[in-house]
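The values are calculated or read from the model by the stated rules, or taken from the named source; none is laboratory data. Not measured: the values here are computed from a predicted model. Cβ placement follows ideal geometry from the backbone for every residue including glycine, while neighbour counts extend to all protein chains displayed. Surface areas here come from the heavy atoms of the whole protein model, side chains and all, with no ligands, DNA or RNA. Shrake-Rupley method; radii C 1.70, N 1.55, O 1.52, S 1.80 Å.
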Amino acid sequence: MSRSQISENALKVLYRLKKSGYEAYLVGGCVRDLLLGREPKDFDVVTDASPDQVNKVFRNCRLIGRRFRLAHVHYGREIIEVATFRGSADEESEHQQVHEDGRLLRDNVYGTLEEDVWRRDFTVNALYYNIRDFSVVDYADGMKDHKAGVLRLIGNPETRYREDPVRMLRAIRFAVKLGFTLHPDCEKPLHDLGGLLLSIPNARLYDETLKLFLSGYGLQTFEMLRHYGLFGILFPQTEQCLASEEEGFPRLFLIKALENSDKRIADDKSVTPYFLLSAFLWESVQNLCNKKLQEGENKYFALQNAANDVLSLQVKSTAIPKRVTQSMRDVWLLQSRFEQRSSAKVYRLINNPRFRAAYDFLVLRAETGSADMELAQWWTVFQAVDGKEQEKMLRETNKGVRKYRRQKSKPRAKKTNE
Ligand code: ATP
Ligand code: MG
């Protein structure tokens, strides 16, 4: 493994710990990815120093976490996570707590590297790069699996999934991202154990959801999650729509949204969680809105209330932060404003901070047949032309609208005259 691919800050942390007399290794995804010749997302360090000892070595250090106590070493925007080797306690103590369903609630028993290995999830995530002699330490036969492209849990798969059900989501995320196959023993329990995810705090599931869908392989991940019945745990309302879909419409819309977002990531463009999440829930919002309309609610409130109801149900599964739900609501509510094209309204809409996302959303709807393609094209052209052309477009569009209104009001005028 070449050191030139390792982040300078991670190297600084490793050398500093070593100089202070501690053991220091890179571990986890970064070693796995470097061995594949890929650029790691982040660098995780493990050491035999306790969090408090790590804290004393670095000035730019913060201790975090309760379930797992960790040190974060800050370098500008880059954070190097430094964990202490985990050990195994023979029985429950104040440092380790196991829930009756097998879930680990607290795990702050420290140990040695040899013990730490068995706490990790997959064999390919349990490779340790030693800064002392640049070797890779492999106790779990991770190298063999790594070469074969196999994702295998360390230990008994069902026990490991029960200990931490999020490992099921991680299995799918890594299988897709690395192009590895799930070992049959790890794959089999996935069909039955999905329900265990319901016991995971919704904030953690939100974090996992972002990793699942915003890492560049959203579409494949979506298909695989559905295959194992796990998607419905994260997005129950969406799953319900998909189950009762007509003419493949919601599925097509979701697939397009995921494809777009994967393509943006491949092109190094930014992606926002709210865009994809609003696509996931759009069908549910519309169904509920239609129901409310049938019950006699007025058009504006029906949509707004439907958006609120769908969101408050969704946050029970994945705790979407307020600023994100607000943007999702904006994207949905702005959809009806694209039809209104008086000059004042058009400029007000275009200056709305959420215009770009709402417009992209409109295009996506048009491409999948749920919005007027001509309308979407009008907005595409309108943004591309200069001010003079824009005025011309507005005049022509509104001339049509005025003519239409006149025609509509004429017969009524006649009737009153008679
Ligand atoms: P990436 O950062 O590319 O998403 P990663 O493997 O580094 O992948 P992290 O969440 O950064 O994943 O975790 C770092 C390491 O910590 C993992 O490789 C694994 O060894 C261990 N780990 C993380 N989460 C768990 C878990 N839920 N159960 C067991 N081990 C875990
Ligand atoms: Mg990582």
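Taking the Cα centre of the range 202-252 as origin and assigning +1 to Lys and Arg Cβ atoms and -1 to Asp and Glu Cβ atoms, the resulting dipole is close to 220 debye.
Grab the other residues whose beta carbon is less than 14 angstrom from that of Leu288, score K and R as +1, D and E as -1, and report the net. Could you put the intermediate results ahead of the total?
Working: positive: Lys291, Lys292, Lys299, Arg329; negative: Glu283, Glu295, Glu297, Asp309.
Residues near Leu288 contribute 0 overall.
Computed with a 1.4 Å probe on the full set of protein chains, the accessible area for Met143 sits at about 60 Å².
If you wrap the range 203-403's Cα atoms in a convex hull and average its projection over all directions, what's the area in nm²?
Details: hull surface 49.8 nm².
For the Cα atoms of the range 203-403, the hull's average projected area reads 12.5 nm².
Computed from the C-alpha gyration tensor, the three semi-axes of the ellipsoid equivalent to the chain are 52, 24, 19 Å, from longest to shortest.
Averaged over its residues, the chain has an accessible area of 52 Å² per residue, based on protein heavy atoms and a 1.4 Å probe.
Taking label positions 7 Å along the Cα-Cβ direction at both Ser343 and Asp386, the computed distance is 1.8 nm, reported to one decimal.
Do the alpha carbons of any pairs in Lys256/Lys292; Lys18/Lys147; Lys292/Lys316; Lys41/Lys177; Lys12/Lys56 sit beyond 20 Å of each other, and which pairs?
Values: Lys256/Lys292 28 Å; Lys18/Lys147 30 Å; Lys292/Lys316 22 Å; Lys41/Lys177 12 Å; Lys12/Lys56 15 Å.
Violating the 20 Å Cα-Cα cut-off are Lys256/Lys292; Lys18/Lys147; Lys292/Lys316.
The range 225-300 to the range 343-382: how many Å between their Cα centroids? Between the Cα centre of the range 225-300 and that of the range 343-382, the gap is 19 Å.
Please work out how much length the chain gains when fully extended from Leu11 to Arg59, using 0.36 nm per residue of separation minus the C-alpha to C-alpha distance, in nm with one decimal. Before the final figure, lay out each step's value.
Working: separation 48, 0.36 × 48 = 17.28 nm, distance 1.63 nm.
Length difference between fully extended and current span is 15.7 nm.
Here the extension length gained between Phe301 and Asp52 equals 84.2 nm, from 0.36 nm per residue of separation less the Cα-Cα distance.
Debye-formula intensities of the range 1-154, expressed as log10 I(q)/I(0) at q = 0.12, 0.13, 0.21 Å⁻¹, are -0.51, -0.60, -1.42 (one equal scatterer per alpha-carbon, no solvent).
Provide the percentage of antiparallel DSSP beta bridges, counting only those with both residues in the chain; round to the nearest 5. Please list the in-between numbers first.
Values: 25 of 31 bridges.
DSSP beta bridges in the chain are roughly 80 percent antiparallel.
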